[in-house]
Amino acid sequence: MKGELCRRPHDTSSLVAGWHYYRSRLDNSKFRPKSGAKTLNSVCLSIEPMHVPDSMDFLLNEFAHDTPEAALLKAVHHKGTVTTAGDLTFVVDDILFDSGALSGSFISREFVNLHLAELESSRSSIQAQVVLADKKTRVNIDTAYSLTISFLDDSGDSHAALVYFYVLPNCNHQIIIGLPAIVRHFSSLHFKMLAGAVALLSDIGPERNILNEIQIGEVRYPWTYVQEDIAPEDEATPLPCSFTDALHYMEVSYDEAVVEYLGLLNTHVSKDFVDNTDVLQLLKTKGVKLGRHSGNS
């Protein structure tokens, strides 16, 4: 269930990991179909994958819905596409527009290591030094990449430019677009991002934008809005009951119950039993009368 009653993870990676775990358990079960039968793999692969909304946009919108000031994230975060000198293209979810990065744009060492082969054609060796935001820490830079990075804004307009990225160790974001690139190439995009965050925060309404009003020592419930909707999987799951069939027949008329009862005989009575006895005749006569006297009147 969604909401405060559920303590299980609902993020995409956890659900996918759970699916693979239970599929593996079933594949290795001693009860799995014998050779030649339709396997679990063939069944699973024939199922159309469900549509998962764009991860970053989905999370930002959900977070902004429950926590008003999270709308500000849309002003500085955007998904983009990177194209290397070798025309290799891949999508990057975690891109920060940082107007405080005065000296240039950056790419994280961890991200580079994940895509080392793809990025090799855009690599260059340098000797530089970057001063971090505390104005004290200096980081030596020995590698940079020239990459074409493009973005689609909410209107569907494309914004692209060739940007020089310094490789930064221990970076909290995959890519950081610094102030020089924002001003030279992405000023209109950044303006739209700011305007979108302003509009989203305005739609939420001032009555929910109360996080900055909390005073020192004051304790408030952490979420300004709690969604109490029932999870779809709960709505699709019938409530467990030991007397489902009995309760069902108490809710229909006698004639409806007889029609349903007679319709079940062909599927609920053994063929051998039917072929060797008059059990069907018995069930259609005395069986019907017995059902009437047992409580369905």
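The values are calculated or read from the model by the stated rules, or taken from the named source; none is laboratory data. Bear in mind the structure is a predicted one, so any value in this text is a computation, not a measurement. Every residue, glycine among them, receives a Cβ derived from its backbone with ideal geometry; neighbour counts consider all protein chains shown.
Which numbered condition trips up GLY86, out of (1) part of a loop (DSSP other than H, G, I, E, B); (2) of a type outside the set (A, V, I, L, M); (3) at pLDDT 90 or above?
All conditions pass for GLY86, except number (3).
Every residue, every condition in (1) assigned by TED's automatic domain parsing to the domain that holds GLY287; (2) under 30 Å from LEU72 (Cβ atoms); (3) modelled with pLDDT of 85 or more, yes or no:
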residue: LEU211; (1), (2), (3): no, yes, no
residue: ARG220; (1), (2), (3): no, yes, no
residue: THR224; (1), (2), (3): no, yes, no
residue: GLN227; (1), (2), (3): no, yes, no
residue: ILE230; (1), (2), (3): no, no, no
residue: LEU239; (1), (2), (3): no, no, no
residue: HIS248; (1), (2), (3): yes, no, no
residue: SER253; (1), (2), (3): yes, no, yes
residue: VAL259; (1), (2), (3): yes, no, yes
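Residues of segment 70-100 being of a type in the set (D, E, K, R) and without any contact (Cβ under 8 Å) to a residue 60 or more places away in the chain, which ones? Give the derivation first.
Here is the first cut: in segment 70-100, the residues of a type in the set (D, E, K, R) are 74, 79, 87, 93-94, 98.
Answer for segment 70-100, where residues must be of a type in the set (D, E, K, R) and without any contact (Cβ under 8 Å) to a residue 60 or more places away in the chain: just ASP87.
Going by the structure shown, is ALA64 touching a helix residue (DSSP H, G or I) at 6+ places or on another chain (Cβ under 6 Å) and either in the same structural domain as SER158 (by TED's automatic domain parsing) or modelled with pLDDT of 55 or more (or both)? Spell out the reasoning first.
Numbers: touching a helix residue (DSSP H, G or I) at 6+ places or on another chain (Cβ under 6 Å): yes; either in the same structural domain as SER158 (by TED's automatic domain parsing) or modelled with pLDDT of 55 or more (or both): no.
No, not satisfied.
Against the condition under 16 Å from ARG109 (Cα atoms) and in contact with a Gly (Cβ under 8 Å, 6 or more places away or on another chain), how does ILE175 come out, does it pass? Steps first, please.
Working: under 16 Å from ARG109 (Cα atoms): yes; in contact with a Gly (Cβ under 8 Å, 6 or more places away or on another chain): yes.
Criteria met by ILE175.
Give the residue that is surrounded by the fewest Cβ atoms within 10 Å (Cβ to Cβ), with candidates limited to residues of segment 242-291 that are in contact (Cβ under 8 Å) with a residue 24 or more places away in the chain and among the hydroxyl-bearing types (Ser, Thr, Tyr).
Residue satisfying both the conditions and the ranking: TYR254.
Of the conditions (1) hydroxyl-bearing (Ser, Thr, Tyr); (2) exposed (fewer than 15 other Cβ atoms within 10 Å of the Cβ); (3) free of Cβ contacts under 8 Å to residues at least 60 places away in the same chain, SER122 fails just one. Which one is it?
Checking SER122 against (1) hydroxyl-bearing (Ser, Thr, Tyr); (2) exposed (fewer than 15 other Cβ atoms within 10 Å of the Cβ); (3) free of Cβ contacts under 8 Å to residues at least 60 places away in the same chain, the one that fails is (2).
Of everything in segment 113-143, what is of a type in the set (Ser, Thr, Tyr) and either closer than 19 Å to THR84 by Cα or assigned to a strand (DSSP E or B) (or both)? Give them in sequence order.
Filtering segment 113-143 down to residues of a type in the set (Ser, Thr, Tyr) leaves 121-122, 124-125, 137, 143.
Once the filter is applied, which keeps residues that are of a type in the set (Ser, Thr, Tyr) and either closer than 19 Å to THR84 by Cα or assigned to a strand (DSSP E or B) (or both), segment 113-143 yields SER121, SER122, SER124, SER125, THR143.
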